[in-house]
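Below is one structure, written out as structure tokens, with a few remarks after it.
Derivation of every value follows stated rules applied to the coordinates shown; laboratory data play no part. Note that the structure is predicted; figures quoted are calculated from it, not measured. Glycine also receives a Cβ, built like all others from the backbone with ideal geometry; neighbour counts cover every protein chain displayed.
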Amino acid sequence: MIIGLAVLGLALWLFFDTFHYLQVTQTNEEYYRGTYLLMGVGILMTVVGFLGCVGACRESPCMLGTFFTLVLLIIVAEIASIVWIHMNREKLRQELKDTVSAAVRVDYGRVLPRTEALDVIQSQLKCCGGKGPRDWAKSFYNNGDANKSGVELGVSGITGAVAGAVGLFKVPESCCTTEPEDAACQASVQVPLSGTVTGVISQQGCGDALVQFLEDHVWVVISVVSSVMVVEVLALMIALSLCITVMRSENEYKA
């Protein structure tokens, strides 16, 4: 039940305070669909935990049996999900990279949550663009509505439309390996269409950087999932033991 409440709390936090790395890789509809699913899982686990607690206190074989069945189904679903993710890991990696590239190309400077999320990712993971800095040359940020990107979202410096006219394209200041206010950064965000990108601008694409970040921290997910499954298996054993004990007591009482 405690785990269920924790999952429900996480879902509510994600719902009211969207997490940058997730926000940039999904549409709002997909993001909230996943959040609702997580809420459902949290509520289900809370109800299952409640059934187990009440069943143990009341020594009810019916409630304990229901608890056992539901926990067993949850474990089977978790194992199936792990197997599916493992079998489709390459496809998921590529989809993540493609989604980041699309966000760079279409959303930056137009969709405020995606703009903020990409800035956070680029500055924290030291990356630039989807596959690299030159992705920005064909982006909405450089070729879209200059008034909308500059006035409404507060994009500083020369607009992409003006820069393109003189053979340059602009990358966001979050691409800099130095502080955005640094003079070297300000001088480097204007990149020539043909030529080298200065070392002040991060060279790695954010698609690869984000995949690497997730893979480097996958042990955290594995540890959490393993801990949850150990608790669930222990709950199964305890529920089965209690159910057998209660049924034996009832049979002895009837005899």
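A simple spin-label model places pseudo-atoms 7 Å from Cα toward Cβ; at residue 220 and residue 98 they are separated by 2.7 nm.
For residue 79 and residue 143, the difference between the fully extended length at 0.36 nm per residue and the C-alpha to C-alpha distance is 18.4 nm. What does the net charge come to around residue 188 if you take all other residues with beta carbon closer than 10 Å to its beta carbon, with K and R at +1 and D and E at -1? That sum, taken over residues with Cβ under 10 Å, equals -2.
Computed from label points 7 Å out along Cα-Cβ, the spacing between residue 91 and residue 234 is 3.7 nm. Highest mean packing comes first when the peptides 178-187, 227-236, 43-52 are listed by Cβ atoms within 10 Å, giving 43-52, 227-236, 178-187.
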